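Read the structure below first, then the notes.
Read-outs: derived from the displayed coordinates by stated rules, not from any lab. Keep in mind that this is a model prediction, so the values were computed, not measured. In this analysis, Cβ positions are derived from the backbone assuming ideal geometry, glycine residues included, and neighbour counts consider all displayed protein chains.
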Amino acid sequence: MNLKKILKDRILVLDGAMGTMIQKHKLEEKDYRGERFEDHPHPLQGNNDLLSITQPDIIKEIHKAYFAAGADIAETNTFCSTTIAQSDYHLEELVYELNYQSAKLAKEAAREFTEKEPHKPRFVAGSIGPTNKTASISPDVNDPGYRGVSFDELTTAYKEQAKGLIDGGVDLLLIETVFDTLNAKAALFGVTELLEELNCDIPLMVSGTITDASGRTLSGQTANAFLVSIGHIPLLSVGLNCALGASQLRPYLQVLSRESDSFVSAHPNAGLPNEFGEYDETPEMMAEQIEEFLKEGLVNIVGGCCGTTPAHIKKISELAAKYSPRQVVLEKIIV
């Protein structure tokens, strides 16, 4: 199924938060370990990506819940599945398997719903998170020239992650929650190099994050600067997610919508976190704000990030069906 044609015809819906849904299960250390990692010498609770191996039924059911709510695209449970992020748990050697198994689970769920509803094919986006390190900013205030990770290290890590996702069957690769565009450039370099080696053509999505009311990424870029800095790579879509709620994200989406010749995506949080780190916006509250995106014709892909659930995605999906997608100069888009 040609994604470019579908995006020309209608707004596609991305799924919601994986972590929010996992938290509802109130899993303990033993649940994360399963039998296989029972004797692992380091704590594993909180390593949500590992659940694709130790609790696959939970992860697959989350994907199915989002598809049932109306999502067209599910993200794999791989936000932290790089050697860099997994080093916190001393599970670097598991990275290929994490990505492969996560992609496989999501793809199984997607096929199940596509077979039931062939008029509404479901897709899987391989989630590639930013890692827990930044290539542009020193983590040591006393040594501004120091970097916790190099461009080459990031490139290698992202390339390894992408190989597992591709072998697992993803339809798209989503480099998301970009707070440092140099990290994203490393991801794009590694992924495009891998695609050339594999003689493979998989659409790429990039989604940045505006960290606060300054309207900039953590590494200091405005939305427009972010767009320009990744403009050398042919992308299916560029967008914004996380950090802010829908209403706070809107002015920066307006910039991307005006300036980008790719499709535009948005998957905001369910508002800003409260003092307990929780998200208070109900599906109805969030949908009301997202409807403003749709009325203005700002987006082609819309979904949810932190704090969102299938109930949020159901409301968003119902709204998305009522509006036309943002119009794009399609011949500039390479899929």
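From the alpha carbon centroid of the range 83-126 to that of the range 10-61 is 12 Å. With a threshold of 22 Å on the Cα-Cα distance, the over-threshold entries among K120/K159; K26/K60; K60/K295; K107/K314; K107/K315; K4/K120 are K120/K159; K60/K295; K107/K315.
Report the calculated FRET efficiency for E112 and V141 (r = Cβ-Cβ distance, R0 = 41 Å), to the nearest 0.05.
Numbers: r = 50 Å, r/R0 = 1.23.
With a Förster radius of 41 Å, E is 0.20.
Working from label points 7 Å from Cα in the Cα-to-Cβ sense, the K26 to E292 distance is 3.7 nm. Karplus-derived 3J(HN,Hα) values for the range 126-140, using 6.51 cos²θ - 1.76 cosθ + 1.60 with θ = phi - 60°, are x, 7, 10, x, x, 6, 9, 10, 10, 7, 9, 10, 6, x, 10 Hz; glycine and proline are entered as x.
Which entries of K8/K133; K185/K322; K64/K322; K5/K116 show an alpha-carbon separation above 25 angstrom in the structure shown?
K8/K133; K185/K322
In whole angstrom, how long is each semi-axis of the equivalent ellipsoid of the chain, when you take the square root of 5 times every eigenvalue of its Cα gyration tensor and sort them from largest down?
Numbers: eigenvalues 146, 114, 86 Å².
Semi-axes (√(5λ), whole Å): 27, 24, 21.
Extension gain, A311 to T211, is 33.4 nm, computed as 0.36 nm per intervening residue step minus the present C-alpha separation.
Let me have the 222 nm mean residue ellipticity of the chain computed from DSSP H runs of 4+ only, each contributing -39500 (n - 2.57), with the sum over all residues rounded to the nearest 500.
-13000 deg cm²/dmol
Going by the alpha-carbon gyration tensor, a ≥ b ≥ c the square roots of its eigenvalues, is the range 205-290 rounded (a/c under 1.5) or, if a/c is not under 1.5, prolate (a/b greater than b/c) versus oblate? In terms of gyration-tensor shape, prolate.
Need the full-extension length gain, T156 to D88, defined as separation in residues times 0.36 nm minus the C-alpha distance. One decimal, nm.
22.7 nm
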